[in-house]
Amino acid sequence: MVNMGNRPDWDVYFMLQAEIAKLRSNCLTRQVGCVIVRENRQIATGYNGTPSGIKNCFEGGCLRCLDRARGEIESGADLERCLCMHAEANAMLQCAVFGNTGSTRGSTLYSTYAPCLECSKMAVSVGIAKVVSLASYPEDGSVLLANANVSVTRIDRFELERWLSTVGMDTAAMTNKS
């Protein structure tokens, strides 16, 4: 019999969903997953990679990412050449594509990395009220989010790994992809 008092809180539960979403990422250098939640119901999922209909990153779809994977450019360099969409942007766009854009107002965005400045601007614009992340990101939008009164929370990776192990997921493989 399962102990019903021993279950993840909502933030951990939805971050587990973001960890699963990042498994679909086709980025060569960093896998990121995101879910958007309203009233404890998941309304969108996103992961980073090339736009729909464009050759996957790992198939040569983004020349900048290929150069980065080969060590020819440093992390953060030549970002204007990158064709990849961020997980958070994909999740927010998914709301627009499927006609539930109004549902983002007051929602929570869960991402395996803190959103960058561009994704933070989008989150503020669509009314995201809370951002929960697992790891920091260089050049994140934390100052903008704070100025917009968006609540920002970081989950302890240890807490997440505890739950991943209960479902038999290889936490080393999951955390090494972050």
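The values are calculated or read from the model by the stated rules, or taken from the named source; none is laboratory data. Computed from a predicted structure; not experimentally measured. Positions of Cβ are generated from backbone atoms using ideal geometry, with glycine treated the same way; all protein chains shown enter the neighbour counts. Heavy atoms of the whole protein, side chains included, go into the accessibility calculation; ligands, DNA and RNA do not. Shrake-Rupley method; radii C 1.70, N 1.55, O 1.52, S 1.80 Å.
Below is a table of values for the structure above.
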{"quantity": "Enumeration of residues in the range 34-59 that are hydroxyl-bearing (Ser, Thr, Tyr) and surrounded by fewer than 12 Cβ atoms within 10 Å (Cβ to Cβ)", "calculated": "52"}
{"quantity": "Residue ID - surrounded by the most Cβ atoms within 10 Å (Cβ to Cβ), chosen from residues in the range 94-115 that are under 15 Å from the mean Cα position of the chain (by Cα) and among the small types (Gly, Ala, Ser)", "calculated": "111"}
{"quantity": "Flag for residue 118 being over 23 Å from residue 36 (Cβ atoms), open to solvent by 10 Å² or more (accessible area, probe 1.4 Å) and acidic (Asp, Glu)", "calculated": "no"}
{"quantity": "Pairs with Cβ under 7 Å, 6+ apart, first in the range 113-142 and touching a residue at least 60 places away in the same chain (Cβ under 8 Å) and closer than 21 Å to residue 102 by Cβ, second of a type in the set (A, V, I, L, M, F, W, C) and open to solvent by 10 Å² or more (accessible area, probe 1.4 Å)", "calculated": "128/150"}
{"quantity": "Qualifying residues in the range 79-93 (those that are of a type outside the set (Lys, Arg) and open to solvent by 60 Å² or more (accessible area, probe 1.4 Å)) - the one farthest from residue 19 (Cα to Cα)", "calculated": "80"}
{"quantity": "Any hit, the range 14-29, residues being free of Cβ contacts under 8 Å to residues at least 60 places away in the same chain and under 26 Å from residue 143 (Cα atoms)", "calculated": "yes"}
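Each row is one residue, and each column tells you yes or no for (1) out of contact with any Asp or Glu (no Cβ under 8 Å at 6 or more places or on another chain); (2) of a type outside the set (Gly, Ala, Ser); (3) over 30 Å from residue 129 (Cα atoms).
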{"residue": "24", "(1), (2), (3)": "yes, yes, no"}
{"residue": "45", "(1), (2), (3)": "yes, yes, no"}
{"residue": "48", "(1), (2), (3)": "yes, yes, no"}
{"residue": "53", "(1), (2), (3)": "yes, no, yes"}
{"residue": "56", "(1), (2), (3)": "yes, yes, yes"}
{"residue": "67", "(1), (2), (3)": "no, yes, yes"}
